[in-house]
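The structure appears right after this line, and notes come after that.
The values are calculated or read from the model by the stated rules, or taken from the named source; none is laboratory data. If you're wondering where the values come from, they're calculated on a predicted model, not measured in any experiment. Backbone-built Cβ (ideal geometry, glycine too); neighbour counts: all protein chains shown. Please note that ligands, DNA and RNA were not included when accessible areas were found on the heavy atoms of the full protein model with its side chains. Shrake-Rupley method; radii C 1.70, N 1.55, O 1.52, S 1.80 Å.
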Amino acid sequence: GDSVTQMEGPVTLSEEAFLTINCTYTATGYPSLFWYVQYPGEGLQLLLKATKADDKGSNKGFEATYRKETTSFHLEKGSVQVSDSAVYFCALSEMDSSYKLIFGSGTRLLVRP
Amino acid sequence: NAGVTQTPKFQVLKTGQSMTLQCAQDMNHNSMYWYRQDPGMGLRLIYYSASEGTTDKGEVPNGYNVSRLNKREFSLRLESAAPSQTSVYFCASRASGGAGELFFGEGSRLTVL
């Protein structure tokens, strides 16, 4: 079945460092891809999405490009802030009638001042 | 802007007790979902309801039942709680399929002793 694999965390960075969180997927067809963020004590929020190959999703300085050839959707940010500390989840939308989201295991990011 | 509301936020049960987690959304969404979140495992789908009047099993349905009471409400019931059901439970909804965003509640933390 469909699946999502994320790099294990935690990822610890200093403020203003460059961030990459790797995400690869296995799916039949061409799913939509998502990054969600979970701040402490809260539910998940959509960070960005891409619906077809070569699409780039972006929001709040974060970017991710849908790479069909490498089945990847890596999350990047040029300069992280302390407020970016959270857990990040990569997900894909199954392309059947349910459109269920399949999530990766999550990557915790800790940004130090 | 209530969005997705879950109750209760915290609950402690003894093994064998039953309880129902309530979820309501005020966005007129068709689809609703119940996920559980466990450390290192991301979010796993328990049950979903693609539209009012329908429910289907997800990845980990054993030990749970659901009811789509109406378009707004989707409840999750544990008939005989087990320690393995200790988790954080999230309800989510979305307006339509494909790349439609999933909106999450704040979660319900359940501990089974």
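Please tell me which of these pairs span more than 22 angstrom C-alpha to C-alpha: A:49/B:9; A:68/B:57; A:49/A:100; A:49/A:77; A:100/B:71; A:49/B:57?
From the list (A:49/B:9; A:68/B:57; A:49/A:100; A:49/A:77; A:100/B:71; A:49/B:57), the Cα-Cα distance tops 22 Å for A:49/B:9; A:68/B:57; A:49/B:57.
Please give me the summed charge of the neighbours of residue A:73: other residues whose Cβ is under 13 Å from its Cβ, Lys and Arg +1, Asp and Glu -1.
0
Counting only heavy atoms of the protein chains, get the accessible area per residue of the protein assembly as shown (1.4 Å probe) and round it to a whole Å² value.
With all protein chains present, the protein assembly as shown gives 47 Å² per residue.
Looking at chain A, what % of its DSSP beta bridges pair antiparallel, to the nearest 5?
Of those bridges, close to 90 percent are antiparallel.
Can you give the net charge of the other residues whose Cβ lies under 15 Å from the Cβ of residue B:13, counting K and R as +1 and D and E as -1?
Combined, the nearby Lys, Arg, Asp and Glu give +4.
Check each of the GluC sites (Glu not before Pro) in segment B:1-94 and keep only those in coil by DSSP with at most 14 other C-beta atoms within 10 angstrom; list them in order.
B:59, B:79
Grab the Cα-Cα distance for residue B:2 and residue B:26, subtract it from 0.36 nm times how many residues apart they are, and report the gain in nm with one decimal.
Length gained between residue B:2 and residue B:26: 8.0 nm.
Mean 1/r over all different Cα pairs, inverted: what Kirkwood radius does chain B give, in Å?
Hydrodynamic radius (Kirkwood, Cα only) of chain B equals 13.9 Å.
Heavy atoms only, probe 1.4 Å: what % of the accessible area of the protein assembly as shown goes to carbon and sulfur, would you let me know?
The nonpolar share, carbon plus sulfur, comes to 47 percent.
Would you kindly derive the ³J(HN,Hα) couplings of segment B:67-75 from the backbone phi angles with the Karplus curve 6.51 cos²θ - 1.76 cosθ + 1.60 (θ = phi - 60°), listing them in order in whole Hz, with x for Gly and Pro?
Running phi through 6.51 cos²θ - 1.76 cosθ + 1.60 with θ = phi - 60° gives 9, 9, 5, 6, 5, 7, 10, 9, 9 Hz.
Sum up the charges of everything whose Cβ sits under 11 Å from the Cβ of residue A:32, counting Lys and Arg as +1 and Asp and Glu as -1, but leave residue A:32 out.
Summing Lys/Arg as +1 and Asp/Glu as -1 gives -1.
Filter the GluC sites (Glu not before Pro) in segment A:1-93 to those in DSSP coil with at most 14 other Cβ atoms within 10 Å of their Cβ, and list the result.
Passing sites in segment A:1-93 are A:8, A:15, A:16, A:42, A:69.
What does the average come to when, for each residue of peptide A:46-53, you count the partner chain Cβ atoms lying within 10 Å of its Cβ?
Average per residue, whole number: 1.
Give the relative contact order (percent, whole number) for chain A; include only Cα pairs under 8 Å separated by 6+ residues.
Taking the mean separation of contacting Cα pairs over the length of chain A, I get 36 percent.
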